[in-house]
1. Does segment 1-18 contain any residue that is aromatic (F, W, Y) and at pLDDT 90 or above?
2. Are any residues in segment 38-53 without any contact (Cβ under 8 Å) to a residue 12 or more places away in the chain and in a helix (DSSP H, G or I), and if so, which ones?
3. (1) more than 30 Å from G81 (Cβ to Cβ); (2) surrounded by 10 or more Cβ atoms within 10 Å (Cβ to Cβ); (3) modelled with pLDDT of 55 or more: which one isn't true of I36, the others all being true?
4. Sort out which residues of segment 71-90 are surrounded by 12 or more Cβ atoms within 10 Å (Cβ to Cβ) and in a helix (DSSP H, G or I), and write them in order of number.
Amino acid sequence: MKQFTDSKERTEVTEIQQTFAGEESWEKTVQQLFVIMDSWLQAVEEADEEKLQTWAKEIAHICQHITYHTGQIVHIRKVQGSWRKEQGIS
């Protein structure tokens, strides 16, 4: 699980502001999330039972955390009028 706990260089505030500047940036952000989640999925699939037991609390926390923030993003985009309901939740 070390690959998920190593600290990375912090994102600058200006980069965060640019991340959500338009539809293209949004799509890039979604793709980055898919890469991260695919990495997690692979790690969980390859883990033995002992590792899964060790990681269980963290996996549950990550799932809850991502679900919560995904709901926030959907809500904000709906309020902004930038949610494309034909591609998902209406």
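1. Looking for residues that are aromatic (F, W, Y) and at pLDDT 90 or above, one finds none in segment 1-18, hence no.
2. D38, L41, Q42, E45, E46, E49, E50, L52, Q53
3. The single condition I36 does not satisfy is (1).
4. Across segment 71-90, the qualifying residues are I73, V74, I76, R77, K78.
The values are calculated or read from the model by the stated rules, or taken from the named source; none is laboratory data. Being a predicted model, the structure only gives us computed values, none of them experimental. Note that we place each Cβ from the backbone using ideal geometry, even for glycine, and neighbour counts take in every protein chain shown.
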